[in-house]
Amino acid sequence: MTEILLYNTKTRTKERFEPLDPGNVRMYVCGPTVYDRAHVGNARPAVVFDTLFRFLRFVYGEDHVKYVRNFTDVDDKINARAAETGRPIREITDETIQWYLDDMAELGVLDPTETPRATAYVPQMVAMIEVLIESGHAYEAEGHVLFRVESYPQYGSLSGRTVDDMIAGARVEIAPYKDNPMDFVLWKPSHEGVPGWESPWGLGRPGWHIECSAMALELLGKTFDIHGGGNDLTFPHHENEIAQSMCACPEGGFARVWMHNEMLQVEGRKMAKSAGNFFTVRDLLDRGIPGEVIRFVFLSTHYRRPMDWSEKKRREAEATLRKWYGQAMHAKNGAEPDLAVVSALANDLNTAGAIAELHRLSRENDADGLRAGLHMLGLMGDQVPSWVADEQLSDEVLALVDRLLKERSDARAAKDFVRADALRDGFAAAGLIVKDTPDGVVWETSADFSPATLEALR
Ligand code: AMP
Ligand code: ZN
């Protein structure tokens, strides 16, 4: 079996991944809060963990991986959106969930095994909070229930901070009902106009963190293999999930491996509405950018590095994919993926390394390997995407390009620079971009590629 290495935020090392049960590998990833379209940054964890899900299914078998990604459908941002628009909460969350699923599907993101909505697990959250109160890890104050951070000495170990660091560094909410400013909310009272559930502490609603602990317990058990999310969630969200789950189920171990993707930026800057560089996945799709191109740009950067979305990368990704699909289109389906592609992914999901291997397979004209690799990365299903299939280079054109490239290198070898330069200029005029690299000649077609102009060069 393929040996997989994963970087574990908890131990700050790359570790050999050994699932508790290879017949049932279990992963939980924090999903979106559903009040608006997903921005491009939100899509990064969806694509990263989808790629991991696909890879785990490849290694352990399709039916042996359980992937849970939740929808946070109870949140003050959702309440605010309902108040602003006068629309019912359920209508907003249903609509946003469907948008999210549609947008992610365009990026080749498979449906996880389970996509629970937080509001369907309130009884489980209440039960967990009751256990925490009984065991002295939580207390009730003014209709709130708070987790007592001091009751869990390992608090802060995921992010490697002490409680004092955290107080200094975080915007902790100081509230009169808290024994300690770090204590966080498990349950809070509801009032007119916001959702509420009956509970031992009156009509109220859950705090954010408890939902993931309750859903992970219900769907994956007390100990499971991988927990993922963006690195903005490490503290406080994941720290709080660990504290709740470990105190409610001390006999369990909660998540064994913690994985965090770095943030996405736009043209080298943090994405923000105020910076005017904020856009959604749907904005990109509406501009006619194919989902595969977006996914390719994402996967070109390793998930633990900051990723930059740029127009230049988008253009390059499109040209590369166009060429690769052209090569892969006549290859057979279901070929075994190249070993080097598998090894790259097994090495802490090195998607950038896997893409480098696809470049090699393309140069070697290994169409079967290329196709299997594209499939492995979620960039190709049973067929090439329609945006390429409709404008495919025919076999004749591919043969013509090969012949003209060979002619150019022969002309150079024979020092016939007149002919070599004429070919170079002709390629440019035809929209054929030819580059000499240390590994040989690579080429791609630009958007205004003209086979007729190329034909005239013969
Ligand atoms: P939210 O809906 O804000 O809870 O975010 C959903 C997911 O998107 C979380 O896993 C976040 O860590 C992740 N996320 C938010 N912003 C970015 C970003 N700029 N880059 C990468 N991931 C992000
Ligand atoms: Zn979570």
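Computed quantities for the displayed model
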quantity	calculated
Descending semi-axes in Å of region 114-230, equivalent ellipsoid built from Cα gyration tensor	22, 21, 13
Accessible area expressed per residue, the chain, with surrounding protein chains retained (probe 1.4 Å, Å²)	45 Å²
Per residue Cα convex hull volume in Å³ - calculated over region 199-335	197 Å³
R256 accessible area, 1.4 Å probe, all protein chains in place, Å² to nearest 10	100 Å²
Sequence of K415, K313, K435 when ordered by accessible area, the most exposed leading, probe 1.4 angstrom	K415, K435, K313
Per-bin percent of Cα-Cα distances, region 365-458 [5 Å]	3, 11, 19, 22, 18, 13, 8, 5, 2, 0
DSSP bridge pairs, region 5-261: antiparallel proportion in percent, nearest 5	45 percent
Sorted peptide list for 116-126, 130-140, criterion being average Cβ within 10 angstrom, highest first	116-126, 130-140
For L5, solvent-accessible area (1.4 Å; no DNA, RNA or ligand), Å²	50 Å²
Solvent-accessible area, 1.4 Å probe, carbon plus sulfur percent, for the chain	49 percent
Binned Cα-Cα distances of the chain, short to long, each 20 Å bin given as a whole percent	22, 48, 22, 7, 0
Rounded, prolate or oblate (a/c below 1.5 giving rounded, otherwise prolate when a/b exceeds b/c) for region 336-408 by Cα gyration tensor	oblate
MRE, 222 nm, helices only [DSSP H, n ≥ 4, -39500 (n - 2.57), over the chain, to nearest 500]	-13500 deg cm²/dmol
For the chain, share of DSSP beta bridges that run antiparallel, in % to the nearest 5	50 percent
Inter-centroid distance (Cα atoms) of region 342-400 relative to region 242-294, Å	26 Å
Radius, Kirkwood style, for region 204-258 when every pair of distinct Cα atoms is counted (Å)	11.3 Å
Built amide H within the under 5 Å cut-off of W309, gap 5+	Q265, V266, E267, G268
Heavy-atom SASA rank of H302, H237 (probe 1.4 Å, accessible area, largest first)	H302, H237
Rounded, prolate or oblate (a/c below 1.5 giving rounded, otherwise prolate when a/b exceeds b/c) for region 5-261 by Cα gyration tensor	oblate
Largest to smallest accessible area among F417, F184 [probe 1.4 Å]	F417, F184
Violating pairs (Cα-Cα greater than 31 angstrom) within the set K66/K313; K77/K270; K332/K406	K66/K313
Nearest-10 value in Å² for the accessible area of E407, using the 1.4 Å probe	60 Å²
Overall dimensions of region 33-94 by Cα: Rg and Dmax, Å	15.9, 48
Stokes-Einstein D for region 265-388, Kirkwood Rh over Cα pairs, 37 °C, 0.692 mPa s (µm²/s)	216 µm²/s
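The values are calculated or read from the model by the stated rules, or taken from the named source; none is laboratory data. These numbers were taken from a predicted model, which means no experiment stands behind them. Every residue, glycine as well, gets a Cβ built from its backbone with ideal geometry; the counts of neighbours run over all protein chains shown. Surface areas here come from the heavy atoms of the whole protein model, side chains and all, with no ligands, DNA or RNA. Shrake-Rupley method; radii C 1.70, N 1.55, O 1.52, S 1.80 Å.
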